[in-house]
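Participant: I'd like to ask some things about the structure below.
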Amino acid sequence: MIWIYVAVGVGVAGLVPLVVLGARVLVAMRGLAREIDRATTRLEPVQGRLSAAIGASGGREG
């Protein structure tokens with residue numbers, strides 16, 4: 001009967017690293033989402049100026 005408790009304990013101990021790593025992935029994902037939002041906010045004015053410059057040049061190539 002003791003082997004059942006040992007097996008359950010080993011199973012739970014095996015799940016602990018997966019839970020910890022999953023939590024770390026979620027935290028990193030939130031940080032990446034914030035960084036992407038910040039970069040998008042910073043690039044929007046530049047994108048507008050670039051579009052205006054392309055439109056002013058008539059979009060001609062060559």
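The values are calculated or read from the model by the stated rules, or taken from the named source; none is laboratory data. All of these numbers come straight from a predicted model, not from anything done at the bench. Note that each Cβ is placed from the backbone with ideal geometry, even for glycine, and that neighbours are counted across all protein chains shown. To get the accessible areas, we keep the full protein, side chains included, count just its heavy atoms, and leave off ligands, DNA and RNA. Shrake-Rupley method; radii C 1.70, N 1.55, O 1.52, S 1.80 Å.
Participant: Looking at region 10-35, I want the residues that are touching a residue at least 24 places away in the same chain (Cβ under 8 Å) and have a partner that is assigned to a helix (DSSP H, G or I) and open to solvent by 80 Å² or more (accessible area, probe 1.4 Å) with Cβ atoms under 8 Å, at least 6 apart or on another chain. Which pairs are those?
Facilitator: Cβ pairs passing all conditions: none.
Participant: To continue, here is another question. Quick one: is Ile36 at pLDDT 90 or above and β-branched (Val, Ile, Thr)?
Facilitator: Yes: the conditions hold for Ile36.
Participant: Conditions first: (1) open to solvent by 100 Å² or more (accessible area, probe 1.4 Å); (2) within 14 Å of the chain's Cα centre (by Cα). Ile36 passes all but one, so which condition is the exception?
Facilitator: Result: Ile36 fails condition (1) only.
Participant: Oh, and also: Taking the criterion of being surrounded by 10 or more Cβ atoms within 10 Å (Cβ to Cβ), modelled with pLDDT under 90 and polar (S, T, N, Q), would at least one residue in region 40-55 satisfy it?
Facilitator: So far as region 40-55 goes, yes, one or more of its residues are surrounded by 10 or more Cβ atoms within 10 Å (Cβ to Cβ), modelled with pLDDT under 90 and polar (S, T, N, Q).
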